[in-house]
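For reference, the structure discussed in these notes is given below.
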Amino acid sequence: MTSLPHSSFTLTVEAGPGTAHFTVSGDLDYDTCDQLLQRTDEFLTAHPEVRDLRLDCSKLQFCDSMGISILLMIHRRTSAQNTQLHLDSPPPFLERILSTTGIQHLFSPAQIPDQAERASIGELTSPHAPGLRSTRTPDSSV
């Protein structure tokens, strides 16, 4: 039996001052995830000054558990290097996986300045913000 190369995965890299953009296309799975990890490791080793690593996932078609595992490994490595990892434009299936597994908070979403301003205003007015008390009282019957 002959093993066929996995041709449904491509990775392109663009670098700028302090930022790198990786575009991931196709399937991120058992057969392809090592390519992403290896390229990421090589890039971060060669460019320790990078503070933002952006993975554009808009062209991702599939991601299995090994793909998620590799994303977590990349997150650990970027965190150790004081680099922020962003998953940009994740398709709905990837958002569901990240949400279901409870790891979506590890991958900083891109915020435009207006969104960031609204978020900080929301934090100031939120009843759950530090220093503010909730008007709800605990129910002792629970």
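None of the figures in this text is laboratory data; all of them are computed from the coordinates on show. Keep in mind that what you see is a predicted model, and the values were worked out from it rather than measured.
Computed from backbone phi, the HN-Hα couplings of the stretch 49-64 come to 7, 5, 10, 10, 10, 10, 9, 7, 9, 4, 9, 6, 9, 7, 8, 9 Hz, rounded to whole numbers (Karplus: 6.51 cos²θ - 1.76 cosθ + 1.60, θ = phi - 60°; Gly and Pro given as x). Indicate the gyration tensor shape class of the stretch 23-65 (rounded, prolate or oblate), computed on the Cα atoms with a ≥ b ≥ c the square roots of the eigenvalues: a/c under 1.5 is rounded; otherwise a/b larger than b/c is prolate and the rest oblate. Oblate, since a/c reaches 1.5 and b/c is not below a/b. Shape class for the stretch 1-72, computed from the alpha carbon gyration tensor (a ≥ b ≥ c): prolate, with a/c not under 1.5 and a/b above b/c. Name the shape class, rounded, prolate or oblate, that the alpha-carbon gyration tensor gives for the stretch 38-103, where a ≥ b ≥ c are the square roots of its eigenvalues, rounded holds for a/c under 1.5, and otherwise prolate holds if a/b is larger than b/c and oblate otherwise. Here the stretch 38-103 falls in the prolate category. Counting each pair of different Cα atoms once, what's the Kirkwood radius of the stretch 70-111 in Å, rounded to one decimal? One decimal place: 10.7 Å for the Kirkwood radius.
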